[in-house]
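Okay, structure first, notes after.
Read the figures in this text as sums done on the coordinates, not as results from a lab. Here the structure is a predicted model, which means the values were calculated and not measured. Here the Cβ positions follow ideal geometry from the backbone for every residue, glycine too, while neighbour counts run over all protein chains shown.
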Amino acid sequence: MLTAYTVLDGYDLGVGSLSLWIARNDEERRMALNSIGPVWNGNEVWLVAAGGMLVVSFPRVYAVAFSGFYLAFMLVLWLLVLRGVSIELRSQIGNPLWRELWDAGFWVGSVLLALLLGVALGNIVRGLPIGIDGYFKGTFAQMLNPYALLTGILTVVVLAWHGTNYLRVKTEGALFARAVRWSHRLWWIALVMVVVVTIATFMVLSGTPRTFHVYPAAWAVPLLILAGLVWGVLSRGAERSTSAFRSSALLIVALMLTAALTIFPDLLPSTVNPQYSLNIYNSASSPHALRVSLIANVFGMIAVIVYSTYVHRVFHGKVRLGEGHY
Amino acid sequence: MNEAVFAHRIQFAFTVMFHYLFPILTMGLGFFIALFSTLSLITKNKRYAEAASFWARIFAVNFALGVVTGIPLEFEFGTNWSRFSSFGGGVFGQTLPLEGVYAFFLESGFLGMFLAGEKRVGRTLHWISGLGVAGGSLLSGYFIVATNAWMQHPVGYVMDPMGRVQLKSFWAVLLNPYAIWQYAHTINGALLTAAFVIGGIGAFYLLSDRHREFGMLSVKTAVVAGVILSITQLFPTGDLNGASVVRYQPTKLAAMEGLFDTVQGAPLAIIGMPDTQTGKLIDPIYVPQFLSFLAYGNFQATVDGLNSYARELWPPVELTYYCYHIMVGLGTIFIAQMLIGLFLLWRRKLYSSRWFLWMLMLTIPFPFIANEAGWTVAEVGRQPWLVYGLMKTAAGTSANVAAGETIFTTMGFAGIYATLSILFLFLVARIIHRGPQEGAPVHA
């Protein structure tokens, strides 16, 4: 579910983090906003639903992560609010100053959210100072360690690339041309960051994660990262935008799954003592509870997927001003 | 009380009370939108279509604020109440994602289609999406109330060896007897609130002599629905919700009524000030033996007073007592006000009685106050328990989050919410100023 969230909200975060450069004037910015307008809210609900799933499936992980990252999560909340408000309020008044204010709000919210989510992921991969009582003993400043900052930057870059690919699909004219150019640049930066973070991960974890020794087949997943990047470079032609969007989606899925495999079977590894880590065995709800919530949610998820596909279909194709709201 | 516990409670109370202002209205308005939409389909009268789309626009703004202010609450279970999440997440968490997955998607998806308008999606689909908006918001409310009801009256669980609760029966949690009447009372309150808002804004149009037909339709709908709803708020929903309290939470009942001593044939206090020092109600006005009757249907029944329980098991008596009396007092006013409205409607003076229209307009905030007071009774009256009988509130907080951090972020929330309130009022004022229009774009 978190992966679905990253792929979906990922592109609207990406659009946000580049909107100031790619979309130069009011009209272009309106086009960029309208491209994500009908879907960003629905995309964000995946985050809420993923949070809910975490409560019921792994109550302890939810409790430890959320209280441990207290300030970071509060910051995430405020950024989500800032971003939502910026998107909705921009169109309310025509004054250029008003619009620039909310464009800036949209940008700040998008970049910082992507960065924070990436930093959080980096810290989880690296391991957290979890004590014997299963709670987190650390400070907000410790979260901003070099490795986590690197994963944070990787996240910003990859999501920005995903966002430009989305704009390539949804726009035309000068905006489209600039999106294509930025997509090429960001592909290079993404490549560099993937290499840097991969090396850093091996250094931080001092060796290959256990999962890859136990199940050699798991190597297929990190290879998908490579596949995503190669597919990306093959889709650089201006007419291959849909393909480019799919390649960045694949890259994100592959990165998320690789991170999950790296820490498997832990959910929150402890750096104090591996014994204190929260893993899928010691923090799951009872099998009965898991089964019930699985059944109850599967039908809902099917409905959601059908509905989201429908919305994406209804609004498919290039954005034209006049039809949109923003 | 420990400073950190207090800080967590203040933060949650503040964010939940601010959030609750929005769903009260969306849950009620959803029903009226579906009603107008149905009437428009049956009668082909354009007035109803106009009303449905006008209220859908107000709904949309409200809904957005409800979502934005609701996300922090889900987070706070983990950030502020981590020991509670760890202890009970496997059970109370069952209903939370369902709200997101079923209700929220239903609500937002259909709202989008409804706002897109009849021309874009076709008449039948438009009507169905109106029903979907109402259904989604009502369903959403149920999942939340069921989650809360588990904390009021935990059911369907077993204790595991580690001292955590594990789910035993999903259906018991979903169909908690406490949830049923708590939900009925809450939804009835939401519908009544929507009726007041519809009537108040309609009255505004009549008083300022704009959109007269729309105003008349709104005021009439509000009065007719309001008479029914203000009475059903008291009986049966309020009465039966009270019966759950009698059965499952005797300390809350005693605090609500300011009853200190256990007596046979307990009187009902209409007015009075509870004094926890002396254990007496100061300057009371009583209806003799009536509390026993309301609680047990028998004038001679014995009702347990607060003194039958250890002092550390008392909820904050004054707060519970006053909020309860504010709620009941306002409820009584609502019944009287709506009956006057019905009388004026019958005498064909409803649209010309300016004093009544003024009253209708100025009482818009009252049902919100009554709802908040009622919710406070439910939550404060449950103290000192977080999960009634199972976990104390002080044991459920995040032990590793300092009071200072919580106070700091509470101030942050206060600032953000103040800004949001201003933006909300600005947006709603714009919609009201534009007035109902046929085929108007949603975000012009």
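Put a dot 7 Å past each Cα toward the Cβ at B:Leu73 and A:Gln142; how far apart are the dots in nm? It is 3.3 nm.
The value given for chain B is a Kirkwood hydrodynamic radius of 23.2 Å, derived from the mean inverse Cα-Cα separation.
Straightening the chain between B:Ile10 and B:Gln300 buys 100.3 nm, computed as 0.36 nm per residue apart minus the Cα-Cα spacing.
Taking the inverse of the mean 1/r over every pair of distinct Cα atoms in the stretch B:343-391 gives a Kirkwood hydrodynamic radius of 13.9 Å. The relative contact order of the stretch B:198-322 comes to 23 percent, based on Cα pairs under 8 Å that sit 6 or more residues apart.
Site pair B:Met216 and B:Gln277 shows an inter-label distance of 6.1 nm when each label is modelled 7 Å from Cα along Cα→Cβ. D by Stokes-Einstein for the stretch B:71-119, Kirkwood Rh over Cα pairs, 37 °C, 0.692 mPa s: 259 µm²/s. For chain B, the longest principal axis of the C-alpha atoms and the axis of helix B:46-79 are separated by about 30°. Based on Cα contacts under 8 Å between residues 6+ apart, chain B shows a relative contact order of 20 percent.
Residues A:His162, A:His288, arranged from fewest to most other Cβ atoms within 10 angstrom of their Cβ, appear as A:His288, A:His162. Per-residue Cβ neighbour counts within 10 Å put A:Tyr166, B:Tyr351 in the sequence B:Tyr351, A:Tyr166, beginning with the fewest. Taking 0.890 mPa s as the viscosity and 25 °C as the temperature, the Stokes-Einstein diffusion coefficient of the stretch B:321-444 based on its alpha-carbon Kirkwood radius rounds to 127 µm²/s. As a calculated quantity, the FRET efficiency between B:Leu125 and B:Arg347 at R0 = 35 Å, using C-beta atoms, amounts to about 0.25. Per-peptide packing, taken as the mean over residues of other Cβ atoms within 10 Å, places A:250-261, B:408-419 in the sequence A:250-261, B:408-419 from highest down.
For peptide A:290-296, the mean count of partner chain Cβ atoms within 10 Å of a residue's Cβ comes to 4.
A simple spin-label model places pseudo-atoms 7 Å from Cα toward Cβ; at A:Phe202 and A:Tyr215 they are separated by 2.3 nm.
Report the calculated FRET efficiency for A:Val195 and A:Leu101 (r = Cβ-Cβ distance, R0 = 41 Å), to the nearest 0.05. It comes to 0.60. With a Förster radius of 25 Å applied to the C-beta separation of B:Arg430 and B:Leu207, the computed FRET efficiency comes to 0.85. Based on DSSP H segments of at least four residues, each scored -39500 (n - 2.57), chain B has a per-residue ellipticity at 222 nm of -23000 deg cm²/dmol.
Looking only at other chains, what is the average number of their beta-carbon atoms within 10 angstrom of each beta-carbon in B:161-170?
Counting other chains' Cβ atoms within 10 Å and averaging over B:161-170 gives 4.
Binning at 5 angstrom from zero up to the longest distance, how are the C-alpha pair distances of the stretch B:220-320 distributed in percent? Reading the bins upward from 0: 3, 12, 20, 23, 17, 10, 6, 4, 2, 1, 0.
Considering all different alpha carbon pairs of the stretch B:131-180, the Kirkwood hydrodynamic radius works out to 11.8 Å.
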